[in-house]
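Let me begin by handing over the structure; questions about it come next.
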Amino acid sequence: MMCCMPSIIPENPNQQANKLFKIIKILAILQLGFGIFGLFVEISLGFRLLFGSIILYLIPCGRNWCTCVIYIIMSLIDLLPSLMFLGRYFSWYGIIPLDYIAFFVIFMLKFPFYTVTCYYCFLTYKELKAISLEIQFGAYPADWEQGPERRQYFTGPGYVLK
């Protein structure tokens, strides 16, 4: 329900959030291209990837931390059956027929792509959650009892990507 609410986080909260938002937008565009290619291979696979790219793009636009959680859950729901399908196919047949090479390439590329997107979504989730808690309650628990005019909000760069 919180995903539909307006965000309390400002447009440019800090440097780290801006970096993560740029990375998430790039990953959303990559997933959009991946989804368009997936439409030619299998319709349901392509629509799942396109829907995931929309959710991924809504993270920097809406700035709600629950959108990150929704994307991570949705990508894991999409990824696990794909991995089970590939494992079952290779354990039974062992080789990829040339007629279905595009189908298998899409399924094989989903694992590293979803791993990267889930990692950056989790970093964005941590950053957005920390920013929203700092805006709501202040930077330190000792400041919570004081009025909003006495609170000191976090002004640092946020989490650091290495």
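Being of a type in the set (Val, Ile, Thr) and over 12 Å from LEU20 (Cα atoms) is the filter; apply it to region 103-162 and report the residue that is modelled with the lowest pLDDT. Outline the logic, then answer.
Pass one, region 103-162, residues of a type in the set (Val, Ile, Thr): 105-106, 115-117, 124, 131, 135, 155, 160.
When the remaining residues are screened for being over 12 Å from LEU20 (Cα atoms), the result is 105-106, 115-116, 131, 135, 155.
On the way: VAL105: 79, ILE106: 77, THR115: 91, VAL116: 94, ILE131: 85, ILE135: 79, THR155: 59.
My answer is THR155.
Yes or no, residue by residue, for (1) of a type in the set (S, T, N, Q); (2) assigned to a helix (DSSP H, G or I); (3) open to solvent by 10 Å² or more (accessible area, probe 1.4 Å); (4) at pLDDT 85 or above:
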{"residue": "PHE34", "(1), (2), (3), (4)": "no, yes, yes, yes"}
{"residue": "LEU49", "(1), (2), (3), (4)": "no, yes, no, yes"}
{"residue": "GLY52", "(1), (2), (3), (4)": "no, yes, no, yes"}
{"residue": "TYR57", "(1), (2), (3), (4)": "no, yes, yes, yes"}
{"residue": "THR67", "(1), (2), (3), (4)": "yes, yes, yes, yes"}
{"residue": "SER75", "(1), (2), (3), (4)": "yes, yes, no, yes"}
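Go through region 111-131 residue by residue and tally those that are open to solvent by less than 60 Å² (accessible area, probe 1.4 Å) and either free of Cβ contacts under 8 Å to residues at least 40 places away in the same chain or β-branched (Val, Ile, Thr) (or both).
5
Kindly evaluate LEU20 against the criterion of being open to solvent by less than 20 Å² (accessible area, probe 1.4 Å) and either of a type outside the set (Gly, Ala, Ser) or assigned to a helix (DSSP H, G or I) (or both). Walk me through it before giving the result.
Working: open to solvent by less than 20 Å² (accessible area, probe 1.4 Å): yes; either of a type outside the set (Gly, Ala, Ser) or assigned to a helix (DSSP H, G or I) (or both): yes.
Criteria met by LEU20.
Same structure, new question: Filter region 1-16 for residues that are in a helix (DSSP H, G or I) and out of contact with any Phe, Trp or Tyr (no Cβ under 9 Å at 6 or more places or on another chain); which is modelled with the highest pLDDT? Please lay out each step first, then the result.
Taking region 1-16 as the starting set, the residues that turn out to be in a helix (DSSP H, G or I) are 2-4, 15-16.
If we keep only those that are out of contact with any Phe, Trp or Tyr (no Cβ under 9 Å at 6 or more places or on another chain) as well, we get 3-4, 15.
Details: CYS3: 57, CYS4: 59, GLN15: 86.
Only one residue tops the list, namely GLN15.
Scan (1) over 14 Å from THR124 (Cβ atoms); (2) touching a helix residue (DSSP H, G or I) at 6+ places or on another chain (Cβ under 6 Å); (3) not small (Gly, Ala, Ser) for the single condition PHE51 breaks and write down its number.
The single condition PHE51 does not satisfy is (2).
Another question, if that's okay. From the set of residues in region 92-110 that are touching a helix residue (DSSP H, G or I) at 6+ places or on another chain (Cβ under 6 Å) and touching a residue at least 12 places away in the same chain (Cβ under 8 Å), which is nearest to CYS68 (Cα to Cα)? Step through it out loud before you land on a result.
So in region 92-110, the residues touching a helix residue (DSSP H, G or I) at 6+ places or on another chain (Cβ under 6 Å) come out as 96, 102-103, 106-107, 110.
Now narrow it down to the ones that are touching a residue at least 12 places away in the same chain (Cβ under 8 Å): 102-103, 106-107, 110.
Values: ALA102: 29, PHE103: 28, ILE106: 23, PHE107: 23, LYS110: 18 Å.
Among those that are touching a helix residue (DSSP H, G or I) at 6+ places or on another chain (Cβ under 6 Å) and touching a residue at least 12 places away in the same chain (Cβ under 8 Å), it is LYS110.
Residue check: is PHE85 open to solvent by 90 Å² or more (accessible area, probe 1.4 Å) and of a type in the set (A, V, I, L, M, F, W, C)?
On the way: open to solvent by 90 Å² or more (accessible area, probe 1.4 Å): no; of a type in the set (A, V, I, L, M, F, W, C): yes.
It is false that PHE85 is open to solvent by 90 Å² or more (accessible area, probe 1.4 Å) and of a type in the set (A, V, I, L, M, F, W, C).
Quick test for you: out of ILE95, ILE135, ILE101, ILE106, pick the one residue that is part of a loop (DSSP other than H, G, I, E, B) and either in contact with a Phe, Trp or Tyr (Cβ under 6 Å, 6 or more places away or on another chain) or β-branched (Val, Ile, Thr) (or both).
ILE95
The values are calculated or read from the model by the stated rules, or taken from the named source; none is laboratory data. For clarity, every value in this text was computed on a predicted model and none was experimentally measured. We place every Cβ from the backbone using ideal geometry, glycine too, and count neighbours over all the protein chains shown. Note: accessible area is taken over every heavy atom of the protein model, side chains too, but ligands, DNA and RNA are not part of it. Shrake-Rupley method; radii C 1.70, N 1.55, O 1.52, S 1.80 Å.
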